[in-house]
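What follows is one structure encoded as structure tokens, with my remarks underneath.
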There are 4 protein chains.
Amino acid sequence: MTSTAATAATPAGTLVPALTGVVPPVCTPLTPDFEVDVTSLLRLVDFQLAGGVDGLFVLGSSSEVAFLPDAHRAVVVDRVLRHVAGQVPVLVGAIDMTTLRVLDHARRAARAGCSGIVVTAPFYTRTHPAEIELHLRRVAEQCEAPLYAYDLPVSVHSNLDHDMLLRLAAEGLLAGLKDSTGDDAGLRDLIVARDDAGLTGFSVLTGSELTVDNALRMGADGVVPGLGNVDPHGYAALHAHARAGDWEQAGREQERLLRLMRIVRAAPASRMGRGSSALGAFKTALRLRGVIEHAVTAPPQIPLDDTETDYVRRILIAAGLL
Amino acid sequence: MTSTAATAATPAGTLVPALTGVVPPVCTPLTPDFEVDVTSLLRLVDFQLAGGVDGLFVLGSSSEVAFLPDAHRAVVVDRVLRHVAGQVPVLVGAIDMTTLRVLDHARRAARAGCSGIVVTAPFYTRTHPAEIELHLRRVAEQCEAPLYAYDLPVSVHSNLDHDMLLRLAAEGLLAGLKDSTGDDAGLRDLIVARDDAGLTGFSVLTGSELTVDNALRMGADGVVPGLGNVDPHGYAALHAHARAGDWEQAGREQERLLRLMRIVRAAPASRMGRGSSALGAFKTALRLRGVIEHAVTAPPQIPLDDTETDYVRRILIAAGLL
Amino acid sequence: MTSTAATAATPAGTLVPALTGVVPPVCTPLTPDFEVDVTSLLRLVDFQLAGGVDGLFVLGSSSEVAFLPDAHRAVVVDRVLRHVAGQVPVLVGAIDMTTLRVLDHARRAARAGCSGIVVTAPFYTRTHPAEIELHLRRVAEQCEAPLYAYDLPVSVHSNLDHDMLLRLAAEGLLAGLKDSTGDDAGLRDLIVARDDAGLTGFSVLTGSELTVDNALRMGADGVVPGLGNVDPHGYAALHAHARAGDWEQAGREQERLLRLMRIVRAAPASRMGRGSSALGAFKTALRLRGVIEHAVTAPPQIPLDDTETDYVRRILIAAGLL
Amino acid sequence: MTSTAATAATPAGTLVPALTGVVPPVCTPLTPDFEVDVTSLLRLVDFQLAGGVDGLFVLGSSSEVAFLPDAHRAVVVDRVLRHVAGQVPVLVGAIDMTTLRVLDHARRAARAGCSGIVVTAPFYTRTHPAEIELHLRRVAEQCEAPLYAYDLPVSVHSNLDHDMLLRLAAEGLLAGLKDSTGDDAGLRDLIVARDDAGLTGFSVLTGSELTVDNALRMGADGVVPGLGNVDPHGYAALHAHARAGDWEQAGREQERLLRLMRIVRAAPASRMGRGSSALGAFKTALRLRGVIEHAVTAPPQIPLDDTETDYVRRILIAAGLL
């Protein structure tokens, strides 16, 4: 595994290697009464590390960050950071509505020793692009950890402007971007603009787990795949093929993972939200693979039933993971 | 004025008077370094009570709840509840993304002795209608204070289903609704359905501050007007005219308040978000009227500049409020 | 019935009475092979006139204008205009994507002698507010008939700016507005601004058929109720009560019509679009009332089945219309 | 150039080569008084053919189909089909709101001898997925030309369901898809599902002109690039590199075209719609390159001014196209 450092924006401004490779957003296993299942969580972290990932991202959307009370968040950050102990960089999501609330989360994560914090545009409020820039700028200035912007319009209902991102990166305020827009043309435009500007300390990570080979071909530095929870070895292999320039093998691995991804359709859209179905399927797969104890998701998400669990099981078998 | 109690869902199931009248969502004055300005906050509360309001709603959208860290929220709840001391019912917003996080806020507010908590549909996540119902049901069951649902699609990007609301109300789980959809036809449909079902303990409050006379004519129990911060006397007068059946006077008062509402357009949409302009205008007006010390709004909102402040001043003068 | 003229923007600029009262958007009865059923259409027109309406609007959304080929549209315009022969004003929808296409429809309608044409913002394209203004301006300048703007965000996915509308009205380019935004606060703001500006030749008609009493109280000139197809007498009575200042009776009539409106929920949202259910219910009700021959709607709309038809029948019986 | 036939759905059901390669959506040059500039149009067609394209698509979004009256559309179809005379397949957009209107356009195009018609989901109306399927099914059954579905959510505000598309393809009702969703993960999922099902007569064409190399790597059959109007040679070269498996060269050509694409940002978003800026830039570039006479776009689009035209010129020079 290529261990990488996420310290792009150091005080001295020296350019250091930016975050690269496979950085899964780690699921948060829960007990049946909705407490953090720390044993399962650390087993999942070990499973990821054994799978060859290059970093970890806790308290992201796939971690059910939006569902976790602050006390749960603190447990996750403290236990994972202590457990990983610097083997790989660990990013922490500071997901909340606006600046002062985000800063509360970000400072706690920085104090705990994370490698970077991940922040979206404000949500719930209706925010002007100039205010989104102020938001990121203020968080970057008032938090010690490197800042990664998180472009997630499906959750926050606005987009991050690329010119703004590159402006903040040029000022040393942004260490990178997690792009979960699903817009690969936009991703390419950003990467070309970054490279044309000679910006070397700005990591571009894609959250589009079904076009990772394309993203890496286009110059992305890494991937944050929710599905990586279930099959970290697959994403590590895909990344290795890409680094070796073997796009044929990379494409085949990506197609295998695409077929595996169909577990997220376990439940019909008439019965639960797409999020519940996807997070429920990830956790069900991890339980079936023996990595975590319970497939419990936080309320108000609806759990997968037996039929839906069987659907996940069949796909895991077809993918050679059971 | 008839002080009213917000205890619709008592353990014994007895029907008690539901919340009615003018219940302004109280702005949260801030100091220049973004702490709660408690002196100004309590002066604003007194201003509202002197204006004749029937209840108060703290930690709503107009209170910048989305911008306030938990510590700020606690200060607001504790100080306002202690200060009001039962003179009028005080509702508290428990605004957060999902169930467990909302419950944290809700229990704190209940312990502090609020008259009800106000809860939206989940946001940031993509939530199915069945999950929205589970959310409200779980909060109602696990929190002691009466629950008011808050329909606010502009912030949470989903709507509350009316059949679901009336189902929960019939089970004694919902004490009322704050409707901020801006859809007066939907509001009327809900009120007619409620009355046809003989549901007497379910308060319907409109958040549409420019059609309050219409809402009251249609059977709404009260109004939660953001603009009430600036002119509580106006809304109290409007409500009194409506109770007296004097729709002519009620309409005239409403039109006066509509012209006053134009302060929210102080700033151009090219310069800041609509939210910043509105909240900035409310606070600027309160400062100009001598009620609060600073017009500071929380980051990342952009403050009104001098030209925009003058715009607010001119409208206040025209409305006879300066 | 107060016959009214829709000739607000005369060459000489003289102010004439603008369009007022009840102006139903006339359904377009079809034969089983999807031709215009002219006999039923003219019977429906007579039914409306006998019901006491003040004008007619053909080729609106409730007329299935989006589903009718140009040949069908021509038949509707020619036959209705000839049949009405000036008894009441007849507006014609010129509904198409952009300016040149709209002008084709508008000129045909003007040549046929309509009292006004009704035009939305461009759709399918992504259009800037400045381009929406250009669109309305160009249509107004190049078409002889008075122009009514049609604000219908649910169909065209943009809103008409009120300042722009009043600017065009002040220049004599706009005779009125059909507001189908469902935003009664916005409607009131427009009416107050119009009246404050002293604009007398600009008719504001609401398309919100469940808050007509409110709209008339706020100063709207009339209503374009889709449900008026089924019960024109009800809307005429509601309008008469409002003109007499009897808001108590107006409210009661509006609530009766609100209960009747529930026919539009005949079909579940899982089975067909809301539009199909509503238009199918209007036509089914008209067939059950003996006004039109077939309840056929144009493809690809799904027709109501027997259960859904029974649902409509029961509501009609409850409303005293069968 | 591999001339290809677009006759996937023959009466006998025999599998024939589906449409492949570069199929630009041909701009519609206009005169200053908004008539079709036929001389320029045919010169543009010749420019495309000389550039090495594999097919042409007239009356698509880039052709300003939404802005062209029926008479203009007829001129375009008749003149282009006669001019091309079978050298390459010519697809024709039958873009209109609903089934009967689409059928009018589709039949005219089929009579004129096109190789296929291209049809979106209904728009303006609110259409249920079952109704979208009925729409495509009915058009396919009642029009002689092969049918291509056009997935364009930015214009029609709904998406085409992939299971439905493959179901229609399996029945021989659909010859292909133009995917303009910008969602490359979804595109890949569709292609994998198509190939897993062994569906060989269903062409998948991407409209995402900045990730064409990726789409071809993933198994797409071709591309419909609006920017191909300006640089058909570039897209033909990109396609040739891809067919040869030279992804390195394909990527470099795609990046060159990405930089060229920035002409669409010639005008600021505050001055005109994104569509006007893009179509205006394409036409301005074609005028500067001497292919068409005027850069005129149809109303209500705002034309590029001198500064914006200079911006386009500079990018063309940088790209080696002037």
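Among the residues of segment A:294-312, which ones are open to solvent by less than 10 Å² (accessible area, probe 1.4 Å) and among the small types (Gly, Ala, Ser)? Scanning segment A:294-312 gives a single hit, A:298.
The rows are residues; the columns are (1) crowded, with 24+ Cβ neighbours inside 10 Å; (2) modelled with pLDDT of 95 or more; (3) part of a loop (DSSP other than H, G, I, E, B).
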residue: D:214; (1), (2), (3): yes, yes, no
residue: D:219; (1), (2), (3): no, yes, yes
residue: D:228; (1), (2), (3): yes, yes, no
residue: D:237; (1), (2), (3): no, yes, no
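In this structure, does residue D:210 turn out to be outside any helix (DSSP H, G or I) and at pLDDT 95 or above? Yes: the conditions hold for residue D:210. Taking the conditions exactly as written (within 11 Å of chain D (Cβ to nearest Cβ) and among the polar types (S, T, N, Q)), does residue A:214 satisfy them or not? Here the answer is yes, as residue A:214 does meet what is asked.
Limited to segment A:186-206, what total is found for residues that are more than 16 Å from residue A:161 (Cβ to Cβ), more than 9 Å from every other protein chain (Cβ to nearest Cβ) and open to solvent by 20 Å² or more (accessible area, probe 1.4 Å)? The total comes to 3. Can you tell me which residue within segment C:266-286, out of those that are free of Cβ contacts under 8 Å to residues at least 24 places away in the same chain and within 10 Å of another protein chain (Cβ to nearest Cβ), is nearest to residue C:226 (Cα to Cα)? By that ranking, first place goes to C:274.
Considering every residue within segment D:169-189, establish whether at least one is over 21 Å from the mean Cα position of the chain (by Cα) and without any contact (Cβ under 8 Å) to a residue 24 or more places away in the chain.
yes
Determine if segment C:39-46 includes at least one residue that is open to solvent by 40 Å² or more (accessible area, probe 1.4 Å) and of a type in the set (Ser, Thr, Tyr).
We begin by selecting, within segment C:39-46, every residue open to solvent by 40 Å² or more (accessible area, probe 1.4 Å); these are C:39, C:43, C:46.
The next check asks that each one be of a type in the set (Ser, Thr, Tyr); those that pass are C:39.
Yes, there is a match, as at least one residue in segment C:39-46 is open to solvent by 40 Å² or more (accessible area, probe 1.4 Å) and of a type in the set (Ser, Thr, Tyr).
Being on the phi > 0 side of the Ramachandran plot and of a type outside the set (Asp, Glu) holds for only one residue in D:59, D:19, D:68, and it is D:59. Of all residues in segment B:261-293, those that are assigned to a helix (DSSP H, G or I), over 18 Å from the mean Cα position of the chain (by Cα) and surrounded by fewer than 22 Cβ atoms within 10 Å (Cβ to Cβ) total 4. Selection within segment D:61-104: residues that are away from chain C (no Cβ under 14 Å) and not in a helix (DSSP H, G or I). The member of this set that is surrounded by the fewest Cβ atoms within 10 Å (Cβ to Cβ) is D:85.
Among the candidates D:252, D:289, D:314, D:259, which residue alone is under 27 Å from residue D:21 (Cα atoms) and free of Cβ contacts under 8 Å to residues at least 12 places away in the same chain? Step by step, each of D:252, D:289, D:314, D:259 is checked, and only D:252 is under 27 Å from residue D:21 (Cα atoms) and free of Cβ contacts under 8 Å to residues at least 12 places away in the same chain.
Answer yes or no as to whether residue B:248 is touching a helix residue (DSSP H, G or I) at 6+ places or on another chain (Cβ under 7 Å) and either within 10 Å of another protein chain (Cβ to nearest Cβ) or in a helix (DSSP H, G or I) (or both). Let's see the steps before the verdict.
Values: touching a helix residue (DSSP H, G or I) at 6+ places or on another chain (Cβ under 7 Å): no; either within 10 Å of another protein chain (Cβ to nearest Cβ) or in a helix (DSSP H, G or I) (or both): yes.
So residue B:248 fails the test.
Within segment A:105-122, the only residue that satisfies the criterion of being facing chain B (nearest Cβ under 9 Å) and in a loop (DSSP other than H, G, I, E, B) is A:122.
Given the criteria in contact (Cβ under 8 Å) with a residue 12 or more places away in the chain, open to solvent by 30 Å² or more (accessible area, probe 1.4 Å) and not charged (D, E, K, R), does residue A:120 qualify?
Values: in contact (Cβ under 8 Å) with a residue 12 or more places away in the chain: yes; open to solvent by 30 Å² or more (accessible area, probe 1.4 Å): no; not charged (D, E, K, R): yes.
In short, no.
Would you call residue D:316 modelled with pLDDT of 95 or more, over 15 Å from residue D:24 (Cβ atoms) and open to solvent by less than 10 Å² (accessible area, probe 1.4 Å)? Break it down stepwise before answering.
On the way: modelled with pLDDT of 95 or more: yes; over 15 Å from residue D:24 (Cβ atoms): yes; open to solvent by less than 10 Å² (accessible area, probe 1.4 Å): yes.
The answer is yes for residue D:316.
Scanning segment C:50-60 for residues that are hydrophobic (A, V, I, L, M, F, W, C) and surrounded by 19 or more Cβ atoms within 10 Å (Cβ to Cβ) yields C:53, C:56, C:57, C:58, C:59. If you scan segment A:78-131, which residues turn out to be closer than 26 Å to residue A:154 by Cβ, of a type in the set (S, T, N, Q) and out of contact with any Lys or Arg (no Cβ under 8 Å at 6 or more places or on another chain)? Those that are closer than 26 Å to residue A:154 by Cβ, of a type in the set (S, T, N, Q) and out of contact with any Lys or Arg (no Cβ under 8 Å at 6 or more places or on another chain): A:98, A:115, A:120, A:125, A:127.
Would a scan of segment C:123-144 turn up a residue that is open to solvent by 50 Å² or more (accessible area, probe 1.4 Å) and away from every other protein chain (no Cβ under 14 Å)? Checking segment C:123-144: at least one residue is open to solvent by 50 Å² or more (accessible area, probe 1.4 Å) and away from every other protein chain (no Cβ under 14 Å).
Number of residues in segment B:146-185 that are assigned to a loop (DSSP other than H, G, I, E, B), of a type in the set (Gly, Ala, Ser) and open to solvent by 10 Å² or more (accessible area, probe 1.4 Å) equals 4.
The values are calculated or read from the model by the stated rules, or taken from the named source; none is laboratory data. None of these values were measured; they are calculated from a predicted model. Glycine gets a Cβ as well: all are built from the backbone with ideal geometry, and neighbour counts include every protein chain shown. These accessible areas exclude ligands, DNA and RNA; they are computed on the full protein's heavy atoms, side chains included. Shrake-Rupley method; radii C 1.70, N 1.55, O 1.52, S 1.80 Å.
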